[in-house]
1. Only one of Leu167, Leu145 is over 22 Å from Ala15 (Cα atoms), touching a residue at least 60 places away in the same chain (Cβ under 8 Å) and either in contact with a helix residue (DSSP H, G or I) (Cβ under 9 Å, 6 or more places away or on another chain) or buried (at least 16 other Cβ atoms within 10 Å of the Cβ) (or both). Can you tell me which?
2. Could we say that Val238 is modelled with pLDDT of 90 or more, touching a helix residue (DSSP H, G or I) at 6+ places or on another chain (Cβ under 9 Å) and either surrounded by fewer than 21 Cβ atoms within 10 Å (Cβ to Cβ) or within 16 Å of Phe153 (Cβ to Cβ) (or both) here?
3. Confirm whether Ser45 is in a helix (DSSP H, G or I) and either at pLDDT below 85 or farther than 19 Å from Ala5 by Cβ (or both).
4. Out of (1) under 19 Å from Val235 (Cβ atoms); (2) surrounded by 14 or more Cβ atoms within 10 Å (Cβ to Cβ), what's the single condition that is false for Ile188?
5. Going through Ile140, Ile121, Ile157, Ile172 one at a time, which residue ends up being under 14 Å from the mean Cα position of the chain (by Cα) and loosely packed, with under 13 Cβ neighbours inside 10 Å?
6. Among the helices (runs of 4 or more DSSP H) contained in segment 85-168, which hold 3 or more residues that are at pLDDT below 85?
7. Given the condition in contact (Cβ under 8 Å) with a residue 60 or more places away in the chain and over 21 Å from the mean Cα position of the chain (by Cα), answer yes or no: does some residue in segment 61-82 qualify?
8. Could you please give the count of residues in segment 11-43 that are more than 15 Å from Ile121 (Cα to Cα), crowded, with 19+ Cβ neighbours inside 10 Å and out of contact with any Phe, Trp or Tyr (no Cβ under 7 Å at 6 or more places or on another chain)?
Amino acid sequence: MNTHAIRAIYTFELARWFRTLVQSVASPVISTSLYFVVFGAAIGSRIATVDGVSYGAFIVPGLIMLSILTESISNASFGIYMPRYAGTIYEVLSAPVSFVEVVTGYVGAAATKSVLLGLIILATARLFVPFHIEHPVWMISFLILTSVTFSLFGFIIGLWASGWEKLQVIPILVITPLAFLGGSFYSISMLPPLWQKITLFNPVVYLISGFRWSFYGISDVGVGISLAATLGFMVLCVIVIAWIFKTGHRLKN
């Protein structure tokens, strides 16, 4: 394992993130704060509790997960797309490093940014609503697992995209709607029976459900199913990335 290569890529990506803190951190934190004001205060005053949890506290895991999904994909996709766009990707490909080391550096940096952002939003949420975390170890585990999984997915998008506009297609048109429809602001048990079954085809439901369970011990689907679904998607992303590096698809052309 070439740890020098991993460290070089990792530190470079983190340094780029620190140079754009206003865009990378302040913007999502402010956006999430507005969600707390609108949904927590305005709507929360009309909804007493959801599954025994105050509405303001109930939406905390969903809002954190919403930010984690979008930021993980954005950070990882931009991180690998820039070398492709500038042509410096060939320096990485010709260096004595394996695809595992390249992916570890880029995805590790993107996941680190997402985890830090998630913790910052968690601390910010405390300013608006009181909440507790019943399973802190599992909360951190889901946070890290989700960040790594969707950073891998973002890495694939960065390799797939042939232009700047394509970097935003999947996050805006697919991930964000799925997150809003995946129980970020409500429990799927509040839906009619037919829509409850349809919603189970939304993969984000399992992420938010497992993460919310780590806070309050309640979930729309079993925590084991949530964990298995996330791990399965992560393995699928690794297989796709391995195939891309093996074939050179979107890397050498």
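1. Only one candidate qualifies: Leu145.
2. Yes: the conditions hold for Val238.
3. When the stated conditions are applied, Ser45 does not pass them.
4. Evaluating Ile188 over (1) under 19 Å from Val235 (Cβ atoms); (2) surrounded by 14 or more Cβ atoms within 10 Å (Cβ to Cβ) leaves (1) as the failure.
5. Being under 14 Å from the mean Cα position of the chain (by Cα) and loosely packed, with under 13 Cβ neighbours inside 10 Å holds for just one of Ile140, Ile121, Ile157, Ile172, which is Ile172.
6. 89-94
7. no
8. Adding up the residues that qualify gives 1.
The values are calculated or read from the model by the stated rules, or taken from the named source; none is laboratory data. Just so we're clear, the structure is a prediction, and the values are computed from it rather than from any experiment. Neighbour counts run over all protein chains shown; Cβ positions are idealised from the backbone, glycine included.
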